[in-house]
Amino acid sequence: MLENIRLSFRGIFSHKMRSFLTMLGIIIGIAAIIAIVSTIQGTNEQIKKNLIGSGVNNVRVRVMQGDWEYEFSQGIPDGIPVLDENQRESLAAIDNVEEVSFYRSRQEYDGVFHLNDSLAGGIVYGVDEKYLSTAGLTVQEGRGISARDISKFRRVCLLDEAAAQTLFNGAEAVGSTIEIRRVPYTVCGIVREKETFEPAIVTMEDYYTYISDSAGMILIPESTWPVVYQYDEPQSVLLKASETEAMTQIGKEAEEILNGRLNAAEYSYKAEDLLKQARDIQQLSESTNTMLLWIAGISLLVGGIGVMNIMLVSVTERTSEIGLKKAIGASKKAILSQFLTEAVVLTSLGGVLGVITGIILAELISQLNGTPVAISWNAAVIAVLFSMVIGIVFGLLPSYKAANLDPIEALRRE
């Protein structure tokens, strides 16, 4: 076998240009597949990151009226009681749930001010002491909202960086006062996500998905929520999952627990299944690129035909060599093995060069178009193995032809 491999490399390097042109179809096909698969994986990871966030794995469960989130500004619906510690314990007992937080939220268009500056389109959250850790928020300046703030009904608030910039325009925010619907709140801290990311906004739907976050948010103690808004307003639930893949199941179980205590057929708690959204978009992305993969596969087929063609030429050129080997006792198996090995080495070398070219191509696409890529080493290994299979399949006919040459006829060709 080693001798056959050595002879194969000697044959390849003795006809460098011919060998390269033979491998070109394999190189192009493999490079296209690696580049496409890497781009698909990178895009899928970006989709998941945009929808779910950078590893926070939050599941939000909200009160819905049909397919739409209920607007509590319209009034408190009948049959939806306020959540208590019993529900918190039941939710915390769900497998893969790390933390549970209750919160209320309201989007404000003209109710938040600092002097003459307004926060239009921002969201006000009424949170408990566990919200920051559950949502993956860290305090950048000042301090967070403590259990004592909640129990003492202190009118303090946290701003994210976007809200602080809009309301204070670079000035010191901590210690200053803002008004939420004419109720004064003292800013006690500035928060941000532990791991921030820039969402890829391409469509208007993307824009409306992320516009609320970009406008900014304000967090106030849940106990002071009735001072600004309504008493006994039902809460939403924020759950932190231990792993991304558990998010969908956690959302379903949370829905069952919360809906089990409702007395309102018109309303229900529903989890925001971001993981499912990510998968749906990923499937759409992958199906769009399936045709490209088929085109790349056709390139491999053309490359395989090229290998078979050049191997048939090689058999013709080396007819006298084959006749001499058979005359001195070489078996059909030995001749078959030699030519088959040469075909496999040729396509495998093309596969390796194709993988390298594909990685370079993927990185180049990423640099030029800003498309995220994730190199799939599994795809690279499979591509090389597939190129070896092509060598076996398309090298079998020429190898069989060489093995079955009549030695007398072969020597007579000289």
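Structure notes:
- Per-residue HN-Hα couplings for the range 143-156 [Karplus 6.51, -1.76, 1.60; θ = phi - 60°; Hz; x = Gly/Pro]: 9, x, 8, 9, 4, 5, 4, 6, 5, 8, 6, 6, 8, 10
- Measuring nothing but protein heavy atoms, the accessible surface of the range 99-172 at 1.4 Å probe radius is 46 percent carbon and sulfur.
- Annotation for Gln74 and Arg181: the two label points, set 7 Å from Cα along the Cα-Cβ direction, are 1.7 nm apart.
- Across the range 111-120, computed HN-Hα scalar couplings (Karplus, 6.51 cos²θ - 1.76 cosθ + 1.60, θ = phi - 60°) run x, 10, 9, 9, 6, 9, 8, 10, 9, 8 Hz from first to last residue, x flagging Gly and Pro.
- Amide hydrogen neighbours beyond the local backbone of Asp160, cut-off 5 Å, H modeled: Val191, Met217
The values are calculated or read from the model by the stated rules, or taken from the named source; none is laboratory data. All values derive from a computational prediction rather than experimental measurement. Positions of Cβ are generated from backbone atoms using ideal geometry, with glycine treated the same way; all protein chains shown enter the neighbour counts. To get the accessible areas, we keep the full protein, side chains included, count just its heavy atoms, and leave off ligands, DNA and RNA. Shrake-Rupley method; radii C 1.70, N 1.55, O 1.52, S 1.80 Å.
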